[in-house]
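Below: the structure, in structure tokens.
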Amino acid sequence: MLAQFQSFDRKIVHQLYRTRMDYLAGTNIEKRMLAKSSIEPGGKWACTVCDLVYDTVKGNPEHGIALRTSFEDIPDDWVYPLCGATKSAFRKL
């Protein structure tokens, strides 16, 4: 049960951080959300928290994501173990 709360806390922290950074940068959150929904499958994705680059060809086997796993096929509740970023914290390169 503690792990569930830790995961929940990380998600809230990242969501608050992202919202604040968007506000400070003058980014329109609605535009960012629309852009996110129009992204094509595959390719490379970067974590906005720790700058990890996820390549769909290589996957991330050391963290439970098999080779050639599309970013869209990663579960929505997946959390990157090293920085605690959720899938929503990644952006398409």
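Looking across the stretch 69-86, the residues that are surrounded by 11 or more Cβ atoms within 10 Å (Cβ to Cβ), more than 14 Å from Arg10 (Cα to Cα) and out of contact with any Pro (no Cβ under 9 Å at 6 or more places or on another chain) come down to Thr69, Ile74. Each residue in the stretch 31-54 was checked for being modelled with pLDDT under 90 and touching a Phe, Trp or Tyr at 6+ places or on another chain (Cβ under 9 Å), and 5 pass.
Taken over the stretch 78-93, residues that are touching a residue at least 60 places away in the same chain (Cβ under 8 Å) and either among the hydrophobic types (A, V, I, L, M, F, W, C) or farther than 18 Å from Met21 by Cα (or both) amount to 3. Reported count of residues in the stretch 39-93, each being at positive phi and hydroxyl-bearing (Ser, Thr, Tyr), is 0. Beta carbons closer than 6 Å, at least 6 apart along the sequence or on distinct chains, pair a first residue in the stretch 33-62 that is more than 14 Å from Tyr80 (Cβ to Cβ) with a second that is of a type in the set (Ser, Thr, Tyr) and at pLDDT below 90 for Pro41/Ser70; Gly42/Thr56; Gly42/Ser70; Thr56/Ser70.
Across the stretch 47-74, the number of residues qualifying as closer than 25 Å to Asp22 by Cβ and either of a type in the set (S, T, N, Q) or not in a strand (DSSP E or B) (or both) comes to 8.
The values are calculated or read from the model by the stated rules, or taken from the named source; none is laboratory data. No experiment lies behind these values; they were computed from the predicted model shown. Here Cβ is always computed from backbone atoms with ideal geometry, including for glycine, and neighbour counts include all displayed protein chains.
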